[in-house]
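Derivation of every value follows stated rules applied to the coordinates shown; laboratory data play no part. The structure presented is a predicted model; accordingly, all values stated were derived computationally and were not measured.
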Amino acid sequence: MSTQDSPHTPGPLPSRRKHAAGGPNPLRRTSDRFEAWFRRVLLLVLVLGLPVAAVSAGQATYESSMRTAHVQAAERQKVTARLMSHAKGDTEAVKQPAQVRWTDRNGTVRTGIALVQSGTPKGATVSVWVARGGTVTGPPMTELQATTNGWFMGGAAAIGVIAGFYATRGAMRLVLDRRRYARWDTEWGLVEPLWSARFRR
């Protein structure tokens, strides 16, 4: 088949820029233009909102954790206690609860239950953390734990922003597609009888 018989005029193909999403296109619907605009807005929100949300959540969590660490450090103290019973060592647990006894700052002898290394014999000395009321408690939060909490919440906030971005974009696309399909059905209902009549002639 020669070029003279071809229905297309020979020559260079038209530039892709003429068919770009933002360029003039008579085949583009209003919903297409709205979708392109909405995607740009969502992308802008993602680029600007992601670091802001992550840094804000991480910083707030870190500061809150550090306040908790300071309060716990002021209310708790580490004492040396003596083990009053043998900690069983025939279990898979690394630590076992056992009764301990210590003397507080006022000279009062106190007892409590603390987690000690499995297999520790009776009478051995162990270090335990106690609160102001004399109850055995855990160690205060450290700065490393506060930093870890901040990074975790910052990452969770970033994941939340990304999930919200994709969820919003998917919901927008679903709503627009439903409107498009409904409009296509309506228009096909008007055109189909005309096409059918042409073939029945």
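Some notes on this structure:
- Per-bin percent of Cα-Cα distances, segment 123-169 [5 Å]: 5, 16, 12, 12, 12, 10, 9, 8, 6, 5, 3, 1, 1, 0
- Net lengthening on full extension, LEU176/LEU44 (0.36 nm per residue, minus Cα-Cα): 45.5 nm
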